[in-house]
Amino acid sequence: MATVKEITTTMEGKMHKSVDALKVDLASLRAGRATPALLDKIMVDYYGSPTPVNQVASVTVPEPRMIVVQPWEKNMLKAIEKAIMTSDLGLNPNSDGVCIRLNLPQLTEERRKDLVKVVHKKAEEVRGVCRNLRREAKGAV
């Protein structure tokens, strides 16, 4: 049987992992300001295997409302462009044959309200996970 200290340490670790996952989720939301983390969840078909965009191209933010994606291989340009268009970000890539530019539009009031709803939903999911972990820890003691 595990001691109280071991159970507490285990559950704290699991709770920290849940909060860290929430931070990653929130970083990938399009909240109006350009950040390379927006493209972290976008997968590109790289020679038959799905690969994150940041592993096949350099992702930079030269301006507050623009992301520039420059693939390391020219033949990946179309695949990256297609992956961005089919993602749920709602961005239209502009390609010049060398790099892809993503312009982030200003947030509308409707989009802000939707973002608030999404953030509340994600936060509530993590709260539920933490509640379940506490309940599990109480049952183990």
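If you scan the range 99-137, which residues turn out to be among the aliphatic types (A, V, I, L, M) and either surrounded by 11 or more Cβ atoms within 10 Å (Cβ to Cβ) or in contact with a helix residue (DSSP H, G or I) (Cβ under 8 Å, 6 or more places away or on another chain) (or both)?
Passing the criteria: I100, L102, L104, L107, L115, V118, V119, A123, V126, V129, L133, A137.
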Considering only residues that are within 17 Å of the chain's Cα centre (by Cα) and of a type outside the set (V, I, T), which ones fall in the range 44-56? P50, P52, N54, Q55
Looking at the range 57-68, is at least one residue surrounded by 16 or more Cβ atoms within 10 Å (Cβ to Cβ), farther than 20 Å from L26 by Cβ and either modelled with pLDDT of 85 or more or of a type outside the set (A, V, I, L, M, F, W, C) (or both)? yes
Select from the range 76-91 the residues that are touching a residue at least 40 places away in the same chain (Cβ under 8 Å) and of a type in the set (A, V, I, L, M) and list them in ascending order. A83, I84, L89, L91
Scan (1) surrounded by fewer than 16 Cβ atoms within 10 Å (Cβ to Cβ); (2) over 18 Å from the mean Cα position of the chain (by Cα); (3) at pLDDT 90 or above for the single condition K74 breaks and write down its number. (3)
Restrict the check to the range 92-111 and report whether at least one residue is more than 19 Å from the chain's Cα centre (by Cα), free of Cβ contacts under 8 Å to residues at least 60 places away in the same chain and in a helix (DSSP H, G or I). yes
Restricting the range 77-91 to residues that are part of a loop (DSSP other than H, G, I, E, B) and of a type in the set (G, A, S), which is surrounded by the fewest Cβ atoms within 10 Å (Cβ to Cβ)? G90
Among the residues of the range 1-43, how many are under 15 Å from the mean Cα position of the chain (by Cα) and either surrounded by 14 or more Cβ atoms within 10 Å (Cβ to Cβ) or hydrophobic (A, V, I, L, M, F, W, C) (or both)? 23
Does D114 qualify as being part of a helix (DSSP H, G or I), within 30 Å of H16 (Cβ to Cβ) and at pLDDT below 85? yes
Test each condition in (1) within 30 Å of R131 (Cα to Cα); (2) modelled with pLDDT of 85 or more for A37 and report the one that comes out false. (2)
Is it true that P50 is touching a strand residue (DSSP E or B) at 6+ places or on another chain (Cβ under 7 Å), farther than 28 Å from V118 by Cα and not acidic (D, E)? no
In the range 87-141, which residue that is touching a strand residue (DSSP E or B) at 6+ places or on another chain (Cβ under 8 Å) and of a type in the set (A, V, I, L, M) is farthest from V53 (Cα to Cα)? L104
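The values are calculated or read from the model by the stated rules, or taken from the named source; none is laboratory data. As the structure is a computational prediction, the values presented were derived from the model and not from experiment. Because the Cβ atoms are built from the backbone with ideal geometry, glycine has one as well, and the counts that use them run over all protein chains shown.
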